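Asker: Below: one structure in structure tokens.
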Amino acid sequence: MKKTLFLKTELGQIVVPKLENTNWPGLWAFDSWLKKYFKTHIEKAPKENWTRLSKRCKVKTLVEEAGVYRVEE
């Protein structure tokens, strides 16, 4: 099972928390996984920016289980 937090800004931009301490193949796999669902460019927010954005926008969770995606509120 894979999952990550995300939010959609007022401008319609998808933002996820930036992964820390991850090597480039891990980052590439994460980006590919996100693009498979969202089919658009995804912004990665550093911790400070994520905290600020998450106070203004509704945070949801993207979950993939056995190849099936779902969004949890």
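Asker: Please compute one quarter of the surface area of the Cα convex hull for the chain and express it in square nanometres.
Answerer: Projected over every direction and averaged, the Cα hull of the chain covers 5.0 nm².
Asker: Now a separate question. Output ³J(HN,Hα) for the stretch 43-53: one whole-Hz value per residue in order, computed from phi by the Karplus curve 6.51 cos²θ - 1.76 cosθ + 1.60 with θ = phi - 60°, and x for Gly and Pro.
Answerer: Per residue, the Karplus-derived 3J(HN,Hα) values read 8, 10, 9, x, 3, 5, 5, 4, 4, 5, 5 Hz.
Asker: Something else now. About its Cα centre, what dipole magnitude does the stretch 2-72 give when the only charges are +1 on Lys and Arg Cβ and -1 on Asp and Glu Cβ, stated in debye to the nearest 20?
Answerer: Around 200 debye, computed over the stretch 2-72.
Asker: From the helices alone, meaning DSSP H stretches of at least four residues, give me the mean residue ellipticity at 222 nm for the chain, per-run term -39500 (n - 2.57), in deg cm²/dmol to the nearest 500.
Answerer: Dividing the helical sum by the residues of the chain leaves -10500 deg cm²/dmol.
Asker: Give the percent of DSSP beta bridges with both residues in the chain that are antiparallel, rounded to the nearest 5.
Answerer: 75 percent
Asker: At 7 Å along the Cα-to-beta-carbon direction for both Cys57 and Gln13, put a label point, then send me their distance in nm to one decimal.
Answerer: 0.8 nm
No lab work stands behind these numbers, since they all come straight from the coordinates. Owing to the predicted nature of the structure, the values given are computational and were not obtained by experimental measurement. Every residue, glycine as well, gets a Cβ built from its backbone with ideal geometry; the counts of neighbours run over all protein chains shown.
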